[in-house]
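Only the coordinates and a few stated rules stand behind these numbers; no lab work does. Note that the coordinates shown come from a computational prediction; the quantities given were computed from them, not determined experimentally. Note that each Cβ is placed from the backbone with ideal geometry, even for glycine, and that neighbours are counted across all protein chains shown.
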């Protein structure tokens, strides 16, 4: 799946498209890993743009690119995997999970001659990919997840430190501009290239096709689930509960599945990057801390589709979907350019909560997300509680969908979401 910006123009009833590649920020972490490790593995949700990234990213040009979606290449890899990877040029192998024999051959090649940056392997359905990497390439490979597009990438923001990283270091809003609110349409679109870049005329049909391919190809074929209907039902239920505290027993009750089956299905969703968990922040002396994780769908657009939401205005799930959108952006920023950072949430049952805690070393920053364009003093309760209980918290941010950044004093700031995600 490519991720190209399509500008549609019409002249004398002839439509044409001007295609420009949008660089991905993960390239900085990938290049750093290629300097040290012989193998770099890139996975992620289906159709987040991995193949186009490998073929079009400028820094990866000059490598030999092979996709095992090509049946002739797949046959050659299976016939003689050692000969297949014996090239002078650094090698990119896309959809590598189609030929498990390659991983053993790569292991042998690395052990004979450990050359940094020799292999990049990629695959979207990473059930088999991760299994074979763990068995064959332990200590030889670095791993990266290509997430859906972030707002930074879509807007072409300058590469380098994001607002989050800059603010973590400086904690100042001097000179920051006013920004427009994030449109609800952006949340419904999410960050999947075909949808957010406007190349699809019928987004609903695209998501239907995505779901069908995911269930039929990734789930039925690779996990050997015979009856896909219960899995599909749980997938839709999970979308309705995105950004909530994960309760396997409650999901099982609503889906009429055993807790063991729900746990198995959720693990499959997590391995295929459709779903991910956010761990609780426990480095705090406060009592009654929630120890269950929160969970998010990997893309807010997919979550909206699975939940049956195409218009979030006045919808009860608007807050949950906005938080899912913010989460996917923060996760994308952290994993691409800020790998020293760890992401958590904080919750004291029945009292206070904070949506995101970013921790780097011995310092952390708290972020509470509000879907509204205005905020009230009581919206700060969770942040105030966390900051007061956490001396090493450098800043508490109320991220709201307004326009103006405000210094509230006491290590607290109100920051517009569109600025936070720059």
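Miscellaneous remarks
- Of 208, 50, 318, the one that fluctuates the most in a GNM where the chain has Cα springs shorter than 10 Å: 208
- Peptides ranked, highest mean first, by Cβ atoms within 10 Å: ranges 55-66, 390-401: 390-401, 55-66
- Taking a point 7 Å out from the Cα of residue 216 in the direction of its Cβ, the residues of the range 226-248 whose backbone N falls within less than 20 Å of it are 226-236.
- Extending 7 Å from Cα along the Cβ direction at residue 113 and again at residue 360 yields two label points whose distance is 3.9 nm.
- Across the range 325-351, the residues whose backbone nitrogen lies under 16 Å from the label position 7 Å along the beta-carbon direction of residue 57 are 332-339.
- Length gained on full extension, residue 169 to residue 250, computed as 0.36 nm times the residue gap minus the Cα-Cα distance: 25.1 nm.
- Global form of the range 143-285, assessed from the alpha-carbon gyration tensor, a/c cut-off 1.5: oblate
- With the highest mean first, a sort of the peptides 38-46, 88-96 on other beta-carbon atoms found within 10 angstrom per residue produces 38-46, 88-96.
- Going from the residue with the fewest nearby Cβ atoms within 10 Å to the one with the most, 178, 211, 323, 25 rank 178, 211, 25, 323.
- Computed lengthening from residue 202 to residue 376, 0.36 nm per intervening residue step minus Cα-Cα distance: 58.7 nm
- Interatomic Cα distance distribution for the range 136-196, bins of 5 angstrom, percent: 3, 11, 16, 19, 17, 13, 11, 6, 3, 2, 0
- Degrees, to the nearest 10: 203-213 long Cα axis against longest axis of the chain: 60
- Angle in degrees between helix 259-271 and the longest Cα principal axis of the chain, rounded to the nearest 10: 70
- Segment residue 263-residue 236, extension gain: residue separation times 0.36 nm, minus the distance between their alpha carbons: 8.2 nm
- Nearest-ten-degree value, helix 101-112 long axis tilted from longest Cα axis of the chain: 90
- Largest-first ellipsoid semi-axes for the range 222-379, taking √(5λ) over the Cα gyration tensor eigenvalues, angstrom: 27, 19, 17
- Calculated Rg and Dmax of the chain using C-alpha coordinates, Å: 22.2, 69
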